[in-house]
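Visitor: Quick one: the structure is below, and I'll ask about it shortly.
The values are calculated or read from the model by the stated rules, or taken from the named source; none is laboratory data. All values reported here derive from a predicted model rather than from experimental measurement. Positions of Cβ are generated from backbone atoms using ideal geometry, with glycine treated the same way; all protein chains shown enter the neighbour counts. When the accessible area is computed, the model is the full protein with side chains, heavy atoms only, and any ligands, DNA or RNA have been set aside. Shrake-Rupley method; radii C 1.70, N 1.55, O 1.52, S 1.80 Å.
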Number of protein chains: 2
Amino acid sequence: MKVVTLEPSVADARTHAQVYDALSEDLIQGQIPPLMSVSLRTLAQRYGVSPMPVREAVRRLIAEKALELQPENKRLRVPHLTEHRLLQLMKARQWVESELAYLAAPRVDAELIQRLKDDDDTLMKALATGDVTAYMQANHDFHFCIYAHADADLLYDMARTLWLQAGPFMRVVFARMGTVHLPKDHHQDMIAAFERGDAEAVRASMAADVHEGMELMLDALRSQSEPDKKRRRAGK
Amino acid sequence: MKVVTLEPSVADARTHAQVYDALSEDLIQGQIPPLMSVSLRTLAQRYGVSPMPVREAVRRLIAEKALELQPENKRLRVPHLTEHRLLQLMKARQWVESELAYLAAPRVDAELIQRLKDDDDTLMKALATGDVTAYMQANHDFHFCIYAHADADLLYDMARTLWLQAGPFMRVVFARMGTVHLPKDHHQDMIAAFERGDAEAVRASMAADVHEGMELMLDALRSQSEPDKKRRRAGK
DNA sequence: CGTCCGGCATTGTGATCACAATATGCGCGG
DNA sequence: CCGCGCATATTGTGATCACAATGCCGGACG
């Protein structure tokens with residue numbers, strides 16, 4: 001596995017925090033597929049640090065259910081999403097993220113609007129070119145630069161945790177879909193609602209957007225049923 | 001600080017998990033007041049283990065925001081609840097816990113009903129005698145034996161995390177109130193709704209119960225304003 | 001050729017040590 | 001009596017080692 005230099009910008013930050021940031025970004029972007037096994041020493045080597053800070057970062061990610069410790073194996077891996085769990089994720093995401101959008105609505109400024117439009121642009125471009133990574137990135141940025149304006153750190157962290165859980169599987173789905181399927185652009189509606197200052201419409205758009213995205217994942221989960229039990233390993 | 005032997009029943013369980021369980025129970029019960037400083041070595045001594053498993057347990061509790069690492073000090077303590085944060089906690093608790101109650105409604109059996117009645121009994125007794133600890137315990141049991149029936153582990157864990165954050169402050173408030181103030185018994189309504197199988201009524205009762213409890217905490221937070229800046233230490 | 005089994009490598013966990021940063025407590029000077 | 005500064009203790013963090021448990025791989029046997 002490729003060695004990644006982890007954000008040398010803030011040398012002051014604690015190592016385990018840097019590892020956490022790097023690892024969680026990889027997970028949200030879906031760089032590490034579901035059921036992939038990882039190990040403390042492997043990750044330590046990957047990020048060029050000792051196993052110690054990795055243990056702390058991983059412990060936190062386990063608490064956030066972005067990683068799991070298999071009870072029988074006691075080995076570390078990226079969790080698999082069951083339909084049952086995905087349904088709960090959908091409910092939670094719908095409430096948390098529509099609430100966040102609702103809270104952000106009265107606080108948006110022209111700068112945010114422009115940024116949202118730009119993000120949506122790059123998102124559409126990524127869809128056109130079939131660049132899954134760019135799509136994931138743009139979609140993430142679109143949502144979270146809204147949430148950052150809600151001035152609600154607790155809800156923000158809840159949303160982040162939920163994305164952390166959905167991330168790996170989201171990547172798989174969108175990669176499979178080939179980015180062909182673009183159901184309807186709730187993002188445009190949302191931007192328009194922001195410009196009108198219509199908080200309720202913003203909330204509805206966000207709920208619809210999340211619902212549709214998760215519905216896609218749900219379909220993919222149901223269709224794939226039981227084709228593969230492949231347990232990919234971390235080694236190069 | 002008193003030394004606590006941590007659940008010798010399951011000797012197989014990992015030490016850090018036992019420490020986590022013990023520590024989180026103490027926090028939910030409000031045994032450790034807000035702004036109390038703790039330290040890895042102190043806790044290790046308290047539970048009779050080495051600092052290592054404590055580090056892991058604490059790391060998880062930090063992730064769940066039941067503990068915080070002061071950015072300036074880099075020292076460990078129980079977080080203080082601001083009004084801003086408490087409002088978010090209230091919103092989140094209302095949604096998550098009323099949803100859990102709603103999901104549990106069709107799954108209740110006679111046994112659960114009886115247990116809820118018993119719990120409510122001991123809760124009333126605790127109120128009468130002014131036993132804050134017993135009240136906290138009974139109230140916690142009442143709520144979570146409902147949530148356990150919802151078959152929704154993700155939402156259940158969200159609720160647990162929210163209680164973890166509210167716990168220490170809840171204790172302070174109820175201790176101050178002297179358990180005198182008993183606004184209205186939503187628990188009775190809820191039990192009745194469970195017996196009727198009226199899921200919507202259950203949801204409403206739970207939302208009202210949570211709302212009222214948090215409103216109490218909100219009042220207490222506003223009234224106390226800025227009386228004390230005491231920073232209690234962990235030492236005996 | 002298939003299957004079991006035995007040894008080796010790798011895993012997570014816990015303990016202990018080192019270290020820089022900070023708080024704490026004591027004594028001195030005012 | 002009160003504030004201030006310095007020495008000491010305590011803190012979180014990271015590194016390294018030990019160990020039991022499990023996975024993995026290869027050879028031997030049927």
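Visitor: Which number gives the lysine pairs in chain A that have C-alpha atoms under 23 Å apart and are eight or more places apart or on different chains?
Guide: 13
Visitor: How many Cβ atoms of partner chains, on average, are near each residue of B:153-163 if near means within 10 Å of its Cβ?
Guide: So the per-residue partner count for this stretch is 3.
Visitor: For helix A:186-196, what angle does its Cα long axis make with the longest principal axis of chain A, in degrees from 0 to 90 and rounded to 10?
Guide: With both axes taken from Cα atoms, the answer is about 50 degrees.
Visitor: Ok, one more. With every protein chain in place, what's the accessible area of A:Ser223 (1.4 Å probe, Å², nearest 10)?
Guide: 80
Visitor: May I ask you to rank B:His187, B:His149 by accessible area, largest first, using a 1.4 Å probe over the protein chains only?
Guide: Solvent-accessible surface, decreasing: B:His149, B:His187.
Visitor: Distances from A:Asp131 to the same residue in each other copy, label points 7 Å out along Cα→Cβ, in nm, shortest first?
Guide: Here the equivalent label points are 6.5 nm apart from this one.
Visitor: Please list A:Glu68, A:Glu111 from largest to smallest accessible area, probe radius 1.4 Å, with all protein chains kept in place.
Guide: Result of the area sort, largest leading: A:Glu111, A:Glu68.
Visitor: With r as the distance between the Cβ atoms of B:Glu215 and A:Glu111 and R0 = 35 Å, compute the FRET efficiency 1/(1 + (r/R0)^6) and round to 0.05.
Guide: Calculated transfer efficiency: 0.45.
Visitor: Which order do B:Ser205, A:Ser50 take when ranked by solvent-accessible area (1.4 Å probe, heavy atoms of all protein chains), largest first?
Guide: From most exposed to least exposed: A:Ser50, B:Ser205.
Visitor: Specify the angular offset, from 0 to 90 degrees and rounded to the nearest 10, of the alpha carbon long axis of helix B:51-63 from the longest principal axis of the alpha carbons in chain B.
Guide: Once rounded, the angle reads 50 degrees.
Visitor: Measuring from a point 7 Å out along Cα→Cβ, what nm distances, shortest first, does B:Pro33 have to its partners in the other copies?
Guide: Nearest first, the other copies' label points are 5.5 nm away.
Visitor: Quick one: Cα centre-to-centre distance for segment B:84-104 and segment A:107-168, in angstrom?
Guide: Value for the Cα centre distance between the two parts: 25 Å.
Visitor: May I ask you to order B:151-162, A:211-222 by the average number of other C-beta atoms within 10 Å around their residues, highest value first?
Guide: Result, highest mean Cβ count within 10 Å first: B:151-162, A:211-222.
Visitor: Here's something else I'd like to know. I'd like the orientation of helix B:132-147 relative to chain B: the angle between its Cα long axis and the longest Cα principal axis, in ° from 0 to 90, rounded to 10.
Guide: Helix B:132-147 and the main axis of chain B meet at about 60 degrees.
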